[in-house]
Amino acid sequence: MIKAGEKMREDLFLREGERIDDLERNGYGIIQKKGAFCFGMDAVLLSGFAAVRKGERVLDLGTGTGIIPILLEAKTEGSYFVGLEIQEESADMARRSVRYNHLEEKVEIVTGDIKEAGRLFGLASFDVVTSNPPYMNQSHGLVNPGDGKAIARHEVLCTLEDVIREGGRVLKPGGRFYMVHRPRRLVEILETFRRHGLEPKRMKMVHPYADREANMVLIEARKGGNPLMKVESPVIVFDGDGNYSDEIRTVYGY
């Protein structure tokens with residue numbers, strides 16, 4: 001139940017059609033808009049898979065409404081988190097979520113193009129890069145390329161190549177790149193990482209149910225790493241009764 005004072009406080013941050021969703025972490029909330037692209041399980045899984053050490057600087061490429069930097073700030077001891085987003089409406093919601101959660105000293109949202117990340121931030125400027133990029137390429141039909149949801153889901157404004165190339169440019173030697181994507185593009189992802197000097201080191205498949213095929217894959221690549229990759233036990237999202245599995249509840253806090 002929201003108290004009167006809390007409701008007034010929320011109203012100071014919201015615009016028409018928006019709401020604040022409880023992240024169930026540190027009392028944090030995130031601003032989202034009905035009909036716009038909202039974060040899903042993939043972002044939550046990525047925030048749990050990414051290992052951010054004490055004092056490290058993190059860049060999230062294509063941050064949307066800022067869910068990954070905010071969750072990583074709550075879950076890790078990183079020192080600074082930056083979210084890069086090209087859509088101003090999403091970036092504006094992300095900035096207001098940062099202010100709502102009083103994270104201005106630790107989380108920054110930058111409006112800009114992923115293809116320019118190296119120029120915007122400088123080479124070797126981050127310890128960790130994360131990305132939940134558009135999953136669909138030109139082989140998937142696109143009805144309206146100007147729609148915000150389409151931009152988030154399809155490679156309209158950036159490609160997988162752009163994301164990995166620029167992530168590699170801003171990473172320090174030995175830095176880590178964490179990505180969530182679709183298994184059907186796994187070979188392309190691994191090849192692209194290697195082409196840009198990022199060696200795949202960890203991989204975890206995500207299955208909706210134990211008897212269903214994987215519909216997501218989590219990957220860690222290291223800049224300048226040696227060629228040895230560990231395939232970890234898969235994540236099973238739902239148990240046999242259709243409830244979130246124990247791993248999702250305890251490890252990922254969903």
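For the range 23-100, what's the relative contact order in percent, using C-alpha pairs closer than 8 Å and at least 6 residues apart?
Averaging sequence separation for qualifying contacts and normalising by length gives 34 percent for the range 23-100.
Sequence gap at least 6, Cα distance under 8 Å: using those rules, report the relative contact order of the chain to the nearest whole percent.
15 percent
Summing -39500 (n - 2.57) over the DSSP H runs of n ≥ 4 in the chain and dividing by its residue number, what mean residue ellipticity at 222 nm do you reach, to the nearest 500 deg cm²/dmol?
Calculated from helices alone, the mean residue ellipticity at 222 nm is -8000 deg cm²/dmol.
Hand me the GluC sites (Glu not before Pro) from the range 158-240 located in a DSSP loop with no more than 15 other Cβ atoms within 10 Å, in residue order please.
E213, E232
Just one of (i) 56, 48, 43; (ii) 53, 38, 28; (iii) 78, 51, 36 is Cα extents along the principal axes in Å calculated from these coordinates, so which is it?
Here Cα extents along the principal axes in Å agrees with entry (i).
In nm, to one decimal, how far is the A124 label point from the E247 one, both placed 7 Å along Cα→Cβ?
Using points 7 Å along Cα→Cβ, the separation is 3.7 nm.
Taking neighbour counts of Cβ atoms within 10 Å as a proxy for exposure, in what order, fewest first, do M205, M93, M229 appear?
M229, M205, M93
Take D21, D60 and order them by how many other Cβ atoms sit within 10 Å, fewest up front.
In order of increasing Cβ crowding within 10 Å: D21, D60.
Hey, fewest Cβ within 10 Å first, where do F37, F126 land in order?
Neighbour counts put them in this order, fewest first: F37, F126.
Take the residue pairs K33/K75; K106/K204; K106/K201; K172/K223 and return only those whose Cα atoms are more than 18 Å apart.
K33/K75; K106/K204; K106/K201
Every read-out reported here was derived from the displayed coordinates using simple, explicitly stated rules and does not represent laboratory data. Model, not experiment: these values are computed from the prediction. So basically every Cβ, Gly included, is an ideal-geometry build from the backbone, and we count neighbours across all protein chains shown.
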